[in-house]
Amino acid sequence: MNAHSSVRKRKSLNMVLASTMALSMLLSFGATAYGQAGITVTNTAEQAQQTAATNVPKQARTSTETRQQWNEWTRKNAHALDSIKPETVTDGGKMDANRFKDLEMLKPLLKDKRIVYLGESSHGAAEFNSAKTRLIQFLHQEMGFNVVAFETSLGKAASAYGNAKSAPSVKTMKDSIFSIWWSQETLPLFDYIKETQKSNTPLQLAGFDMQPTGTIFNSAWIGNDKLEKSFNDAELELEEWNYSSDLEGYRKAKPRLTALYKQIKQMVPERAEALRKQYPDNPHIVKLTERALDNRLQVVNGYLELGAQTNAVYEGKSYDFMSIVKSTEYRDRMMADNLVWLATHVYPNEKIIVWAHNGHISKAFSKERAARMPMRYMGELMQQTKFKDLGYVIGLFMGGGKNADTAKELIDVLPPMPHSIEEVMKGAGHPYSFIDLKSQTLVPENTWINQPMFSYVDGTMPVISVPKEQYDGILYIDHTNAPTYIK
């Protein structure tokens, strides 16, 4: 790790710690500060349990009996998965369909969908990475989903995929996605992507995020040494500004950065052939590069100013907590716009798999209650687009074990709370189980799907939400471990 990366890591960790303090302060003001009068914000499991207990359906005689009914219904209706281990592939990625018999129940649910969202309640659960990789193999081979789009930089994913045939799969992984997913459990996905390049239907890699973390592409295609250096310096500078609270300093730098990224974008048409030669495996590289540079201009002109205000809150220099909301929503609006653009203009005839956190894909994040601020995330914004009825959202949850935070520190997963998604899914009695929520008819035995329930974020932070309001299906893994990270 170079010195710049070390500084960035220390800053990231400090921001994580500082943000925890900032959120605690924010929650003390109550939800009415955000125009959410009538919604009680809670930040402890005990308070949250009291809230959920008031929502026990009238037909249930006691809370315990209700939960027993839920568990019995789940045992009858949940589908057990035989395995979450990805398949090892050769011969262009082709596999025997019999290996996916336990996933056949997904076919009628997803047959008319264009976008399948695969979430995760933690970025640091090894089994989530494995399970999602196997699901992607199934969706690609058996259902014709030929694009996997990550919660990662659109430009980095585009350029990394541009050399997918020749580069080692571990390099493609590191060049494309955030380091929280650099693990032995995620690597089989990139082995699979590489292997499928030999076939007529390769699994294509994309990104839809816009965060200024790392250089979005190798600048050699620009063909001008001075401009290449200016671009590379600007990319490093953006990353530094991303962690800065110096708003006035940034505003002085912004015109220069804006002019540079505009100049580089204007060069794309005349340097298109050089781009294609540099990234021969991505047939959409020119279009994606232009979009990546558009993203950079949006970051320069809007996101980084909000980021500076947010960083001031994290550092205790400001109490403008709304800046956290605005900055977060700005990012998710850009991610939703990118995803719609990818599905409309780059892959108009392809079905897409989305890999992201539960929060980013959930259909009504702003309605979650507990230790969260009411913000509209990407998944909720996607419900307002033409893809609303063409998507299927799967939330991933864990019942115990360990996971890792974004600084890759080990965390114990707390036992399921009463009246929680994890408790009900654990009642199915399987190590790995899936349940469809979208098509369920409401009966007394399954009222949990349509009323406020607990769940954990990162295995420790309780939130309250209505399962069916947030997800179309739930994949539950009873025991998780932290990933085996690759440096």
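Read-outs: derived from the displayed coordinates by stated rules, not from any lab. For clarity, every value in this text was computed on a predicted model and none was experimentally measured. Please note: Cβ atoms are built from the backbone with ideal geometry, for glycine as well, and neighbour counts cover all protein chains shown.
Of interest is the spacing of the C-alpha centroids, which for segment 94-113 and segment 119-171 amounts to 18 Å. Per residue, the Cα convex hull of segment 378-487 amounts to 131 Å³.
Descending by average beta-carbon neighbour count within 10 Å, the peptides 267-274, 279-286 line up as 279-286, 267-274, the highest first. Translational diffusion of segment 421-477 was estimated from the Stokes-Einstein equation, with Rh taken as the Kirkwood radius over Cα pairs; at 10 °C and 1.306 mPa s the coefficient is 134 µm²/s. Sorted largest first, the spans of the alpha carbon positions of the chain along the three principal axes are 75, 58, 40 Å. Packing-based ranking of 149-157, 410-418 yields 149-157, 410-418, ordered from highest to lowest mean Cβ neighbour count within 10 Å.
For segment 178-295, the square roots of the Cα gyration tensor eigenvalues, ordered a ≥ b ≥ c, give a/c of at least 1.5 with a/b no greater than b/c, which places it in the oblate category.
Once every Cα of segment 302-370 carries one equal point scatterer and solvent is ignored, give the base-10 log of I(q)/I(0) from the Debye formula at q = 0.21, 0.25, 0.26 Å⁻¹, two decimals. Reported log10 I(q)/I(0), two decimals: -0.97, -1.10, -1.13.
Antiparallel versus total DSSP beta bridges in the chain: what percent is that, nearest 5?
Roughly 45 percent of the beta bridges in the chain run antiparallel, per DSSP.
Straight-line cross-link partners of Lys363 among the lysines, defined as a Cα under 22 Å from its Cα and at least 8 positions apart when in the same chain: Lys107, Lys111, Lys113, Lys132, Lys326, Lys351, Lys386, Lys388, Lys438, Lys468.
Any chance you could list the semi-axes, whole Å, largest first, of the equivalent ellipsoid that the Cα gyration tensor gives for segment 143-228, using √(5λ)?
Taking √(5λ) for each eigenvalue gives 23, 15, 12 Å, largest first.
When Rg and the Kirkwood radius Rh are both evaluated on Cα atoms of segment 280-438, their ratio Rg/Rh stands at 1.01.
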